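A.B. asks: Encoded as structure tokens, here's the structure I'll be asking about.
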Amino acid sequence: MAVGKGISGAGRAAILVFAGAALGTLIGFGITRYSDLLRPLADPLIKLDFPFNTYLDFFFLSFSFAFTLRISAATILGGLFGYWIARRW
């Protein structure tokens, strides 16, 4: 009989950090919608844009591949909060 293993500590920490970063970004954009005072919290500090310009074109479907990463202060705070939760759990 196979015994399933739980998620590892590193895997759980990575998932919680990414979830915290995503939640921090969402909260940051929500805050800036209602308050201009906290707008610098959600403005991107780091923006990495890799336009690969790679296209896969079929007759009925086409794909375009690119990568954009925007990191704001809210994203960093959310990631740190996720890391803190991972260390406590």
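A.B. asks: Which pairs have Cβ atoms under 7 Å, sit 6 or more apart or on different chains, and link a residue in segment 78-89 that is crowded, with 17+ Cβ neighbours inside 10 Å and modelled with pLDDT under 95 to one that is of a type in the set (Lys, Arg) and in a helix (DSSP H, G or I)?
C.D. replies: Ala86/Arg12
A.B. asks: Report, by residue number, each residue of segment 26-65 that is of a type in the set (A, V, I, L, M) and open to solvent by less than 70 Å² (accessible area, probe 1.4 Å).
C.D. replies: Ile31, Leu41, Ala42 - these are the residues of segment 26-65 that are of a type in the set (A, V, I, L, M) and open to solvent by less than 70 Å² (accessible area, probe 1.4 Å).
A.B. asks: Still on this structure: Condition first: at pLDDT below 90, touching a Phe, Trp or Tyr at 6+ places or on another chain (Cβ under 9 Å) and under 30 Å from Ser8 (Cα atoms). Can you find one or more residues in segment 69-77 that meet it?
C.D. replies: Yes, that holds for at least one residue.
A.B. asks: Which count do you get for residues in segment 28-79 that are hydrophobic (A, V, I, L, M, F, W, C) and assigned to a loop (DSSP other than H, G, I, E, B)?
C.D. replies: Final tally of qualifying residues: 7.
The values are calculated or read from the model by the stated rules, or taken from the named source; none is laboratory data. Note that the structure is a prediction, hence the values are computed from the model and not measured. Using ideal geometry, Cβ is built from the backbone for each residue, glycine included, and neighbour counts are taken over all protein chains shown. Note: accessible area is taken over every heavy atom of the protein model, side chains too, but ligands, DNA and RNA are not part of it. Shrake-Rupley method; radii C 1.70, N 1.55, O 1.52, S 1.80 Å.
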